[in-house]
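Working notes for the structure below.
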Amino acid sequence: MSKVCSQNLQNTELRVSGENNKILIVSGRSERLLVSGEVVAGLNLEIKGNNNFIKLELPINFVNGSNIKICNDNVKIVIESSPFIGVSLLCCHGNEQVCIIKKNTVMVDVSISLVGNTELHIGEDCMFSEGPVYILPCDGHSILDVETACILNTPVPIIIGNHCWIGNSAKIIRGAKLPDNTIVGIGAIVNKPFEEEYTILAGTPAKIIKRGRKWDKRNPYLLTDVTH
């Protein structure tokens, strides 16, 4: 039986081809590279390229058939400890993509497509609801000016701050920026930067519909200090 990095080895797969690809496993104060024959519980991982780097800070509870697929070179992915990560992450048709997911962020069903040379940064203690939630820093196809042939939709990094709640079926697309403590409503499409904290965004495209709002992971019935 193959070695594992954590418990519950079920339907996991590791396929790596290319040169100088590194998968770093961090557990507490110890660090080591994943070696041949090992897998990460709950995660299907495929790398086709060179000089790619993945850093996983345990414990991470990968669920819902989570998978990471890299089809090019020089990608950097960092996923910090989380009680629940259900993600499908694709990196292709580019070079040097970056994906950073900070600690205690929870994902139920998140689809991330890093198509082209782009980046995604997600802060600490965020919550992504069911949906799935789509994160698309690049459109995948080009839009050109007819007269100049200039590309009008070049990839733009997406930045999501700390303690953000992304609602069911939301879409976070190229150019989006969410400050700390943002709530994104069900089905919203976020396509531009926002700067104001403690807001609720909703609509297509998303806009601020409420100010002075914050969220808590606890069920409302368990919050006894709320004033009605």
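Per residue, how large is the accessible surface of the chain? Use a 1.4 angstrom probe and give square angstrom. Walk me through the intermediate numbers first.
Values: 12250 Å² over 228 residues.
Using a 1.4 Å probe on heavy atoms only, each residue of the chain averages 54 Å².
Note on the chain: along the principal axes its Cα atoms extend 61, 56, 28 Å, ordered by decreasing extent.
In terms of overall dimensions, the C-alpha atoms belonging to the range 44-136 reach 30, 26, 22 Å along their principal axes, ordered largest to smallest.
The listed peptides 50-56, 199-205, ordered by packing as a protection proxy, come out as 50-56, 199-205 (highest mean of other Cβ atoms within 10 Å first). For the pair LYS48 and LYS210, label points projected 7 Å from Cα toward Cβ lie 4.5 nm apart.
In percent, what relative contact order does the chain have, based on Cα pairs under 8 Å that are 6 or more apart in sequence? Relative contact order here is 10 percent.
Only Lys, Arg, Asp and Glu count, each charged at its Cβ (+1, +1, -1, -1), so figure out the dipole size of the chain about its Cα centre, rounded to 20 debye. Working shown, then result.
Working: 22 positive and 23 negative charges, 75 e Å.
I would put it at about 360 debye.
For the chain, a Gaussian network of Cα nodes joined below 10 Å ranks CYS91, CYS71, CYS164 by mean-square fluctuation, and the top entry is CYS71.
The values are calculated or read from the model by the stated rules, or taken from the named source; none is laboratory data. Model, not experiment: these values are computed from the prediction. FYI the Cβ positions are ideal-geometry reconstructions off the backbone, even for glycines, and counts take in every protein chain you see. We work out accessible area using only protein heavy atoms, side chains counted, and drop any ligands, DNA or RNA first. Shrake-Rupley method; radii C 1.70, N 1.55, O 1.52, S 1.80 Å.
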